[in-house]
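To keep things clear, I will list the structure first and then write my remarks on it.
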Amino acid sequence: MTTIRDRWNNLSRPAQWAVLVPLVVLIFFLPDLNPPIIATTGTDFPTAMFDVARYALVAIGLNVVVGQAGLLDLGYVGFFAVGAYVAALFTSPDSTLHKIPYLWTLPIAMAITMVFGIILGTPTLRLRGDYLAIVTLGFGEIIRLLADNVDPLRGQIGFQAVGTVGGKPLFADATTWYRVVVLIIVGVLLLVGNLERSRVGRAWVAVREDEDVAEIMGVPTYKFKIWAFVIGAAIGGLSGALYAGKLGFVNNQSFDVVTSMLFLAAVVLGGAGNKVGVLLGAVVVAYLPLRFVQIAEYNYLIFGIALIILMIFRPQGLLGARQRLLARGRQAYHRLIGRGEQVSGESALSGDHGRVG
Amino acid sequence: MSASLVHTQSWIQFDVSGLAEQFWNNTVDGLAQGGIYALIALGYTLVYGVLKLINFAHSEVFVVGAFATWITFYLLGFRSGATPDLSVIEIIGFLAIACIAAMAVSGATAVALERVAYRPLRNRNAPRLVFLITAIGASFAIQQTLKLIFGLNQQPQIRLLQPEPLFKIFGAQVTNIHVILFVAAVLLWFIADYFVNKTRLGRGIRAVAQDPDTATLMGVNKERVIIVTFLVGGLLAGAAAMFYMMRIPQGAIYNGGFLLGIKAFTAAVLGGIGNLRGALLGGFILGLVENYGQSLFGGEWKDIVAFVVLVIVLMFRPTGILGESLGKARV
Amino acid sequence: MLAAAAALAMSACAARDEGGSSGENTASAAAPSQAANAANPAGDGKAVCSGVSLAYAGTINGASAALGQNILRGADLAVKQHNQANPNCQVTLKQFDTEGKPDKAPGIVTQVINTPDIIGVIGLPFSGESKAAGNLFNQAGLVTISPSATNPALADNGWKTFFRGMGNDAVQGPAAAKFLTGTLKANKVCVIEDDSDYGVGLASQVTQALGAKASCTDKVKTGQTDFSAVVNKISTESPDAVFYAGYYPEAGPFAQQLNDKGVTAKFVGPDGVKDAEFVKGAGSGANNAYFTCPCVPEDAFKDFTAAFKQTEGADPGTYSPEGYDVTTILLKGIDSGIKDRAALLNFVKTYNGQGLTKKFQWNDKGELSDTPVWSYRVENGKIVNNGQIS
């Protein structure tokens, strides 16, 4: 894999695009192609693809928080839930709020989730490491339980007909939804990639590697941690709103701790810190259980064992993280040493950072 | 009286009179349930103190003990239905056998977990996040295996000891089960505390918790310490499982450990993770708060109250009520 | 003909005996006998069809799976009996597991819809998943008969394809109230609900029907095992009866803990609690337990029970006879030569016939006209019929 990585890095930008664009087009038309082995036989393939796509979007958002900034967030499903409930509250006939067209709920969901991110982050991001983890876990659970207890949020009864316009869902079939999400993913990838290469991204790397040193060197760590949290929250909320629109039914049963864990697994499996890696991770986590839904009994057993084995043999994830510390790194490296960016051998979340044994 | 006439009146109530009325009942029940949380929390706190690792699969170590308890009762010839008529000696004997079985199975599971899932990662110097994912994977794997073997539903309840009211505290009925649970939790905690503080192995644990490299230099066998830590955590979880099955005989179900595990972990952090006393304190506090919260706000607020308390405590005291201590020399 | 009359007489005798030996809290205790003109899936043995299937969509391995498996077995028995008697018409029953979850259901349901040979569906058993996926069936024109989803609002969605195989909670609620106040003579009832759609809806119906007699209420959560606070509250309130609106996994430990505390109130649960698993889980707490159910006791359906045990290898459970009945209706449609979804939908819409459990005729919302509610109690560790309520 390393040689492929080296060759990829040595390619010029236009050459990389020449490979990527057909790949994206292929992914775009995947539900129509219905490839024989890949197509899920036990459940609807376009719906399955949509599920994979929304997991991928979530993974990108969580990657910003966990992978880029190194903040251990175990309650990410809370942001996802907030996004879904915003979409439900503003479009479902079951809710008492004033109705607005579904597409408007997407930016509103992002905005509200960002507010939640600030509310959650401000008091808690002063905590370190594992304490942050347990507090975020607590928050995720609090959001799920609030959705259950607070009557206007309708608990398990839920909201029906979310995202419908006059009784009809916005897009008639799953394939269109899938394509919308793929387009959004491409857009978000570009935005996040830009952030990575900017001052903000570098600050995140600094915070992740050694927060104390970063603070001493003058990086306003707290501010950038909040940024990471908020951006991650926005992406999570967006994904939640899309999920609500597609499914048409929102209740609190989809937002439990296990889902948070699966999101995290997608990020770590793919390679925390690598935004393309986490896409792969999301594919593994979301797609495999759907592909093997006929052996539903053994599904999650195999999944659990696969997680253990994958982590033992590839702890840095499928695609390890890369240090992108220069804005125009590729050209700089080419000028300096005549070839592409050096790939850091290990994940940026290297072993010595958190002492474990 | 405090009951609401129409149940949809409001989704949250503020029933102070109900709380006052049930205060001592809730205290007694809360301490009993809190004992279970405390014993499980000890496992989390020990492993975290030594390895700085949140062992998410500990809930499965617990539930395996619950199944072991059930199987032991079954093999001893007891069946579901009415509680059998046994003398005190017999009850103590059978319970002891079940306890030993549960502790053995849980301890073995914990050690196996360490060997199979965590040690290869430690040898490869994996980042902390990876351990978390492996723990999740192990948790899934164990749960699903139990589901395949024992099925989806709770095992039929087998109970050896019927709760008998013993005495009253301020009007609250205290049963034999309450007393047993409370005493067992404190006793086992005391033994664990003694082990960690007064024995040589315990010193090794504290040394590795404080500074693993120096401890190795000073002659402590780090690998042995780690195995012992997991083992002790597992033994305590097994004991907790047996006592839990005494209180709630329907507890042997494949996903029965999950919520308990999260709550116990919350209790450990509440008291100060890495701190044995904190685990005990956190467990009792959590048990009490859950019950008070139910009486005050309504039955459905049970779980959320626990998490809110956790978040508030961590805001003001980030290292938990009693702070971290396993890795710090104590006077 | 003679044999049928003899069978009818014999089963009626058996029912009468049962009526005599049941306990004091019984209304009309006789379980309905196997009606002589009940639709039989075997039909006349001369049906001809090809390439048509039915589907069961619902929980098989997920939460509260026992409830789904009961229905599946009933449906399976009907199909097997049909196929055995009709060599020229072999219908396949395809199974789809939604795990009872609303977010899994749409994907699975879309799969069912996209399978062209499926022209009728038995399912979805739970109300939550029905809400999430019902519209998909409606758009595809694929008829579904649910033998257990009791939420009344489901029929108000305007789904042409939704049919219910038994009475809904707006029927069960008042019947339960009648049972509590009339048969059990309770003046004070505590209504406890869980957080499921089913529990909340049913509790609200029962509370409304009980009026001032529902003097205490509280809520618990699915997955809860420790009910101390609620038990303490009930113990202080000292009601005559406790009605638990929820499912059997929580009801079991709850009933036991009530019993441990010394609460003598009668414990009443609805169809979600009426399962052998409850009795296993409640121990001695089941001794005082009663159930209400829009399902019909199968005690006197001797042939059905015997065939069930032999073919499925298990005892029939809650809604097994209903599952059997609705599958039979769909099979009758296939036997009459129907090959497509629209025709089968129309067949069900206009169907009027007797099943094992009741007369089946639907109104334009998919609700039955004949909706009996029965009560049950626990006797010697088994759930037995306690008489019809309404």
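The values are calculated or read from the model by the stated rules, or taken from the named source; none is laboratory data. Keep in mind that what you see is a predicted model, and the values were worked out from it rather than measured. Virtual Cβ from ideal backbone geometry, glycine too; neighbours counted across all protein chains shown.
This table checks each residue for (1) at pLDDT below 95; (2) within 14 Å of chain C (Cβ to nearest Cβ); (3) closer than 20 Å to B:Leu280 by Cα.
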residue: B:Met1; (1), (2), (3): yes, yes, no
residue: B:Thr8; (1), (2), (3): yes, yes, no
residue: B:Ile12; (1), (2), (3): yes, yes, no
residue: B:Leu19; (1), (2), (3): yes, yes, no
residue: B:Asp29; (1), (2), (3): yes, yes, yes
residue: B:Leu46; (1), (2), (3): yes, no, yes
residue: B:Gly49; (1), (2), (3): yes, no, yes
residue: B:Lys52; (1), (2), (3): yes, no, yes
residue: B:Phe56; (1), (2), (3): yes, no, yes
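The listed residues are B:Ile227, B:Ile273, and the only one of them that is outside any helix (DSSP H, G or I) and out of contact with any Pro (no Cβ under 9 Å at 6 or more places or on another chain) turns out to be B:Ile273. Could you grab me the full set of residues in the range C:84-119 that are among the hydrophobic types (A, V, I, L, M, F, W, C) and more than 14 Å from chain A (Cβ to nearest Cβ)? If the condition is that a residue be among the hydrophobic types (A, V, I, L, M, F, W, C) and more than 14 Å from chain A (Cβ to nearest Cβ), then C:Ala85, C:Cys89, C:Val91, C:Leu93, C:Ile119 are the ones that fit. All of (1) farther than 26 Å from A:Ile312 by Cβ; (2) within 13 Å of chain A (Cβ to nearest Cβ) hold for B:Ser80 with one exception: (2). Within the range A:318-338, is even one residue hydrophobic (A, V, I, L, M, F, W, C), crowded, with 23+ Cβ neighbours inside 10 Å and modelled with pLDDT of 85 or more? No: the range A:318-338 contains no residue that is hydrophobic (A, V, I, L, M, F, W, C), crowded, with 23+ Cβ neighbours inside 10 Å and modelled with pLDDT of 85 or more. Of the set (1) more than 23 Å from B:Leu152 (Cα to Cα); (2) within 12 Å of chain B (Cβ to nearest Cβ), all apply to A:Ile295 but (1).
Please list, ordered by residue number, the strands (runs of 3 or more DSSP E) wholly in the range C:247-356 having 1 or more residues that are within 30 Å of C:Ile113 (Cα to Cα). In the range C:247-356, the matching strands (runs of 3 or more DSSP E) lie at C:352-354.
Being aromatic (Phe, Trp, Tyr) and modelled with pLDDT of 90 or more is the filter; apply it to the range A:228-254 and report the residue that is farthest from A:Gly140 (Cα to Cα).
Filtering the range A:228-254 down to residues aromatic (Phe, Trp, Tyr) leaves A:229, A:243, A:249.
If we keep only those that are modelled with pLDDT of 90 or more as well, we get A:229, A:243.
On the way: A:Phe229: 14, A:Tyr243: 18 Å.
Ranking the candidates gives A:Tyr243 first.
Let's see how each residue does on (1) part of a helix (DSSP H, G or I); (2) within 12 Å of chain C (Cβ to nearest Cβ):
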position: B:Ala215; (1), (2): yes, no
position: B:Phe243; (1), (2): yes, no
position: B:Lys263; (1), (2): yes, yes
position: B:Glu290; (1), (2): yes, yes
position: B:Asp303; (1), (2): yes, yes
position: B:Gly323; (1), (2): no, no
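Would you check if there is a residue in the range A:215-233 being crowded, with 20+ Cβ neighbours inside 10 Å and either within 14 Å of another protein chain (Cβ to nearest Cβ) or touching a His at 6+ places or on another chain (Cβ under 7 Å) (or both)? Looking for residues that are crowded, with 20+ Cβ neighbours inside 10 Å and either within 14 Å of another protein chain (Cβ to nearest Cβ) or touching a His at 6+ places or on another chain (Cβ under 7 Å) (or both), one finds none in the range A:215-233, hence no. Within the range A:43-90, the set of residues being within 14 Å of chain C (Cβ to nearest Cβ) and small (Gly, Ala, Ser) comprises A:Ala48, A:Ala53, A:Ala81, A:Ala84, A:Ala88.
The criterion of at least 1 residues that are crowded, with 20+ Cβ neighbours inside 10 Å and among the hydroxyl-bearing types (Ser, Thr, Tyr) is met, among helices (runs of 4 or more DSSP H) falling completely within the range B:94-212, by B:128-150. Of note, A:Gly129 does not satisfy the criterion of being of a type in the set (Gly, Ala, Ser), surrounded by fewer than 23 Cβ atoms within 10 Å (Cβ to Cβ) and either under 29 Å from A:Pro46 (Cα atoms) or free of Cβ contacts under 8 Å to residues at least 24 places away in the same chain (or both).
Residue-wise test of (1) within 13 Å of another protein chain (Cβ to nearest Cβ); (2) over 20 Å from the mean Cα position of the chain (by Cα); (3) closer than 19 Å to C:Gln224 by Cβ.
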{"residue": "A:Phe139", "(1), (2), (3)": "yes, no, no"}
{"residue": "A:Arg144", "(1), (2), (3)": "yes, no, yes"}
{"residue": "A:Pro152", "(1), (2), (3)": "yes, yes, no"}
{"residue": "A:Gln156", "(1), (2), (3)": "yes, yes, yes"}
{"residue": "A:Ala161", "(1), (2), (3)": "yes, yes, no"}
{"residue": "A:Asp173", "(1), (2), (3)": "yes, yes, no"}
{"residue": "A:Leu183", "(1), (2), (3)": "no, no, no"}
{"residue": "A:Gly187", "(1), (2), (3)": "no, no, no"}
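Among the residues of the range C:80-125, the ones that are more than 11 Å from C:Ala57 (Cβ to Cβ), modelled with pLDDT of 90 or more and basic (Lys, Arg) come to 1 in all.
State whether the residues of the range C:99-108 include one that is acidic (Asp, Glu), free of Cβ contacts under 8 Å to residues at least 40 places away in the same chain and either outside the structural domain of C:Ile338 (by TED's automatic domain parsing) or assigned to a loop (DSSP other than H, G, I, E, B) (or both). Give the steps one after another, and end with the answer.
Restricting attention to the range C:99-108, the residues satisfying the condition of being acidic (Asp, Glu) are C:99, C:103.
Filter again for free of Cβ contacts under 8 Å to residues at least 40 places away in the same chain, leaving C:103.
Subsequent filtering for residues that are either outside the structural domain of C:Ile338 (by TED's automatic domain parsing) or assigned to a loop (DSSP other than H, G, I, E, B) (or both) retains C:103.
Yes, there is a match, as at least one residue in the range C:99-108 is acidic (Asp, Glu), free of Cβ contacts under 8 Å to residues at least 40 places away in the same chain and either outside the structural domain of C:Ile338 (by TED's automatic domain parsing) or assigned to a loop (DSSP other than H, G, I, E, B) (or both).
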